[in-house]
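Please treat every number below as a calculation from the coordinates, not as lab data. These numbers come from a predicted model, not from an experiment. Cβ atoms come from the backbone with ideal geometry, glycine included; neighbour counts cover every protein chain shown.
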Amino acid sequence: MPKKKTGQRKKAEKQRLRQKEIRDGKDNRDIVKEPCNFNMECDKCKKVQKTRAFCYFCQAVQRLPICAACGKTKCMMKTGDCIIKHSVFASGLSMVGAVCDFCEAFICHGKKCLSTHACICPLTDAVCVECTRGVWDHGGRIFRCSFCSNFLCEDDQFEHQASCQVLESDSYKCQSCNRLGQFSCLRCKVCYCDDHVKRKGFKYDKDKPIPCPKCGFSKSAFK
């Protein structure tokens, strides 16, 4: 009979799996979830903008900065990789070690953040494909187009993605037959007719839209 797992062992195994998920998800993390691309409200003018060292509108220094690399607002480490050693918790400007040239945000005084963030900053070449503005030229956040993966500013993201959602094929004929397709998948860039849009042996919900037979993405019907 196998030995029963203790609560401490179960907790350690869950923590190990969670840390593995975090490590695997770092490379595929969305640009909106990056700490250097968070939303921030200025302490002085109360305007919402991308997190940065100085307010884009009134140039005021923020009272509670966020690290652009690790996302923390308070340094709790008494003995760690801190460049500036401190015995008590450090917050505010006492936690700041540098300002990133690419994302215009504060970086904490941790050795890892200071030495690695400038090389792996996700906003290094973040120039909007529509208006060709960089991070320093506008106050909003940076996004990526879901279809062409180009950088977009906050002003042009919806307009660009609406114009980018087009089929690359010249005809709207079904992939399986030669009939005109009434359903189109914007992810696979293919069309389907009424007969081939449903897979055999698959149960569909009446209230939900029919997903794509190839990738499972919900489709929109052509009118």
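Brief remarks on what is shown
- Residues Asp30 and Lys189, FRET efficiency given R0 of 25 Å [Cβ-Cβ distance, rounded to 0.05]: 0.65
- Extension gain (nm, one decimal) between His86 and Asp101, 0.36 nm per residue minus Cα-Cα: 2.8 nm
- Over the chain, relative contact order from alpha-carbon pairs under 8 Å, at least 6 apart, %: 11 percent
- If both residues of a DSSP beta bridge must be in the chain, then about 95% of such bridges are antiparallel.
- Net charge dipole size for region 26-155 [Lys, Arg +1 and Asp, Glu -1 on Cβ; Debye, nearest 20]: 640 debye
- Computed over region 22-138, relative contact order equals 20 percent, with contacts defined as Cα pairs under 8 Å that lie 6+ residues apart.
- Which label in (1) 22.7; (2) 17.8; (3) 21.6 gives the computed Kirkwood radius over Cα pairs in Å: (3)
- Sorting 40-49, 147-156 by average packing, meaning the other beta carbons within 10 Å per residue, from highest down gives 147-156, 40-49.
- Its Cα centre serving as origin, the chain has a Cβ charge dipole (Lys and Arg +1, Asp and Glu -1) of approximately 1960 debye.
- In this structure, Ser163 and Leu17 have a Cβ-Cβ separation that, at R0 = 35 Å, corresponds to a calculated FRET efficiency of about 0.25.
- Dipole moment magnitude, nearest 20 debye, region 96-182 about Cα centre, only Lys, Arg, Asp, Glu C-beta charged: 460 debye
- FRET efficiency for the pair Ser149 and Lys4, taken as 1/(1 + (r/R0)^6) with r the Cβ-Cβ distance and R0 = 45 Å, rounds to 0.35.
- Potential lengthening between Thr116 and Cys70 on full extension [0.36 nm per residue; Cα-Cα distance subtracted]: 15.5 nm
- The length gained on full extension between Arg199 and Gln175, counted as 0.36 nm times the residue separation minus their Cα-Cα distance, comes to 7.3 nm.
- Note on the chain: with a GNM built from Cα contacts shorter than 10 Å, the maximum mean-square fluctuation among Val32, Val197, Val127 falls on Val197.
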